[in-house]
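Engineer: First the structure, which I've put down as structure tokens, then a few questions once you've had a look.
A short reminder: the numbers here are calculations on the coordinates, not readings from a lab. Computed from a predicted model, the values in this text were never measured in an experiment. Virtual Cβ from ideal backbone geometry, glycine too; neighbours counted across all protein chains shown.
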Amino acid sequence: MNIVLFENSEINLPLSIDDNRAKHIIQILHKKEGEFFDAGIIGGKAGKAKILKIDETGLSFEFREETDGKSLYPLSMIIGFPRPIQLKRLFRDMAGLGTESIHLTGTELGEKSYMQSNIVEKGTAYNLLKEGTIQAKSTHIPELILHQNLSECVEKILKTNYSEKTILIALDNVQSKISLTDFLDKFNKKLENYKIFAAIGSERGWTDKERNFLVQKGFTLCSMGTRVLRTETASTVAASIILSKMGVLS
């Protein structure tokens, strides 16, 4: 754990000695009474926690707020359901990079059984997203939204999030006319003022029907070269490129 996260209701309450966080602080970090560890409130502030007491029942601490906990970036990823094993890594990576939300959607060529995976159940998915957040030493966990199909996903996004400061991108190596980097360069380094949605197809990519739908809804088809990437790889690469162009990785 690069940071120990607590719900707001847990702050300054003793941790049970059997709690995995207490075990980590004592057995892995080898912290003792009077010493500090990195801590934060989920969705809130980050800072230091001073250990007041350790005994056979638990660990008492006092939390001191210091920073905003590394806010999430205005980048949302629309991702066709990948294989469950890819989804595990994808959740951690998207949270680690600081994406604001992840929209998982069914696609025409996506394997329907993937959508039934217990990984996307709220508890499991949330824990994976929290692991990525902890890895990044952040306190803010991306939102996860599930959609049955691409049409439902896009219509909901346009209804609730769209404005003149919204950029819609669909990654595609079949019909795209411009690279992702060249497209983003058109905004003359003012991307920090925008909210970006980037769509990645499932492992078999987009159908022509889906491509046409995305273009009709205002998405620009962009490429990241001619190589065919795994959904999880394409998502990580696309998010990294976009965040770099937004200037948040400098």
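Engineer: Calculate how many DSSP beta bridges within the chain are antiparallel, expressed in % of all such bridges and rounded to the nearest 5.
Structural biologist: Expressed as a percentage, antiparallel bridges in the chain total about 35.
Engineer: Can you tell me which of 17-25, 80-88 comes out highest on packing, and rank the rest after it, using the mean Cβ neighbours within 10 Å?
Structural biologist: Per-residue mean Cβ counts within 10 Å order the peptides as 80-88, 17-25.
Engineer: When the helix-only estimate is applied to the chain (DSSP H runs of n ≥ 4, each -39,500 (n - 2.57), divided by the residue count), what is the mean residue ellipticity at 222 nm, nearest 500 deg cm²/dmol?
Structural biologist: -8500 deg cm²/dmol, from helical runs alone.
Engineer: Please report Rg (one decimal) and Dmax (integer) in Å for the Cα set of segment 108-149.
Structural biologist: Over segment 108-149's Cα set, Rg and Dmax evaluate to 12.5, 37 Å.
Engineer: Given the Cα-Cα distance of Asp55 and Lys23 and 0.36 nm per residue of separation, how much length would full extension add, in nm?
Structural biologist: Full-extension gain reported as 10.3 nm.
Engineer: Among His30, His103, His147, which one shows the biggest mean-square fluctuation in a GNM of the chain, springs joining Cα atoms closer than 10 Å?
Structural biologist: It is His30.
Engineer: In the chain, if the dipole is taken from +1 on Lys/Arg beta carbons and -1 on Asp/Glu beta carbons about the Cα centre, which of Val120, Leu146, Gln216 is farthest to the positive end?
Structural biologist: Of Val120, Leu146, Gln216, it is Gln216.
Engineer: Just the ratio, please: alpha-carbon radius of gyration of the chain over 2.2 N^0.38 Å, N its number of residues.
Structural biologist: Here the answer is 1.14, to two decimals.
Engineer: Treating cross-link reach as a plain straight distance, find the lysines whose alpha-carbon is under 19 Å from the alpha-carbon of Lys195, omitting any fewer than eight places away in the same chain.
Structural biologist: Lys70, Lys156, Lys159, Lys165, Lys186, Lys217, Lys245
Engineer: Starting from the amide H of Cys222, placed 1.01 Å from N in the peptide plane, find each other amide H under 5 Å away whose residue is 5 or more places distant or on another chain.
Structural biologist: Amide H neighbours of Cys222: Ala170, Leu171, Asp172.
Engineer: Once each part is reduced to its C-alpha centroid, what is the distance from segment 1-80 to segment 111-174 in angstrom?
Structural biologist: 26
Engineer: Oh, and also: Beyond 19 Å, what share of the Cα-Cα pairs of segment 126-224 remains, rounded to the nearest whole percent?
Structural biologist: For segment 126-224, the share of Cα pairs beyond 19 Å comes to 53 percent.
Engineer: While we're on this one: When ranked by the protection proxy of mean other Cβ atoms within 10 Å per residue, highest first, what sequence do the peptides 68-77, 160-169 form?
Structural biologist: The peptides rank, most packed first, as 68-77, 160-169.
Engineer: Check cross-link reach from Lys32 to the aspartates and glutamates: straight Cα distance under 19 Å, and skip same-chain residues fewer than eight apart.
Structural biologist: Filter leaves Asp18, Asp19, Asp55, Glu56, Glu62.
Engineer: Still on this structure, please answer the following. I need the semi-axes of the equivalent ellipsoid of segment 1-121: take the C-alpha gyration tensor, multiply each eigenvalue by 5, square-root it, list largest first in whole angstrom.
Structural biologist: They are 36, 17, 11 Å, listed from largest to smallest.
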